[in-house]
Every structure is written in structure tokens, then in C-alpha cells.
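Asks: Supplied in C-alpha cells, the structure appears directly below.
Where a number appears in this text, it was derived from the coordinates with a stated rule and is not lab data. All figures in this text were calculated on a predicted structure; none of them were measured in a lab. With ideal geometry, Cβ positions are generated from the backbone for all residues, glycine too; neighbour counts draw on all protein chains shown.
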Amino acid sequence: MTEQNSPARHPFEPREADLVAANRPPPSELERFLGGSPSSVAVRLLFLSLIVGFFLVVFDIRPFDVLVGLRNIVEHFWAMGFDAIRDIAEYLVAGAVIVIPVWLALRLLNMRGKA
């Protein structure tokens, strides 16, 4: 039988490729962790590293400079110490002065409309 003479297939009937995929063994722990087979993940990471490396060289950014920058950021936050906590608390209180009354008013208005 050719495809032209074959009976019409139900639209929700699984295709042969779907059946083959359903009979495939479940992925191993390593494949689940990596998100695919190790070789395909290695190829994707190699390609992505090539692209990122190209842009880093174009913008004259060296990997060591990135690590030094991260270390400087951590040292800066560490040096800020309790000043940072005080600043965050100040922002929190300033925002709560506006947010809490507006929230309370909206809740009261919604309750009145439902009663």
C-alpha cells in the first residue's frame, strides 16, 4: 500500500517515531544531570565557550580580570558590614510606610464590595 491508498490516520494516533522514543530506555543519572548525553553536552559547551571567548577577547576582558572583579565585589560588601543592613532596613521601612496603608485600604475596599 502506498501512502495515497492507506487509510486515514486518526490525528491523535502516535507516529512511529513517537513509539520508538517511548520504547527507549530511561536516561541514566548522568544524562539527567547533564541534560543530555555527555558527548552532546560537551559539544554544546565547546561551542558556547568558543562564542563567549570570542566576545571576551573582542572586549579585551580576560578571565583573570573577571575573577579579580568578583573578589573585589565580595570584599566591598564585606567592608560595608552593618552599614548595608542599616541601609536595607531604611529602604524597607520607607517602602512599608507607603505599601502597608495602600494594601490595607485596598483590602478594606474589597471586603466592603463583597459584603
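Asks: Among Arg44, Arg62, Arg112, which is the only one that is surrounded by 10 or more Cβ atoms within 10 Å (Cβ to Cβ) and more than 30 Å from Leu30 (Cβ to Cβ)?
Replies: Arg62 is the lone residue from the list that is surrounded by 10 or more Cβ atoms within 10 Å (Cβ to Cβ) and more than 30 Å from Leu30 (Cβ to Cβ).
Asks: Could you tell me which of the residues Pro101, Pro27 is part of a loop (DSSP other than H, G, I, E, B), surrounded by 10 or more Cβ atoms within 10 Å (Cβ to Cβ) and not aliphatic (A, V, I, L, M)?
Replies: Selected residue: Pro27, the only one of Pro101, Pro27 that is part of a loop (DSSP other than H, G, I, E, B), surrounded by 10 or more Cβ atoms within 10 Å (Cβ to Cβ) and not aliphatic (A, V, I, L, M).
Asks: In this structure, is Phe12 assigned to a helix (DSSP H, G or I), of a type outside the set (Gly, Ala, Ser) and out of contact with any helix residue (DSSP H, G or I) (no Cβ under 9 Å at 6 or more places or on another chain)?
Replies: No.
Asks: Right, something else. Tell me the residue from Gly53, Gly69, Gly36 that is assigned to a loop (DSSP other than H, G, I, E, B), under 25 Å from the mean Cα position of the chain (by Cα) and surrounded by 10 or more Cβ atoms within 10 Å (Cβ to Cβ), please.
Replies: That would be Gly36, the only listed residue that is assigned to a loop (DSSP other than H, G, I, E, B), under 25 Å from the mean Cα position of the chain (by Cα) and surrounded by 10 or more Cβ atoms within 10 Å (Cβ to Cβ).
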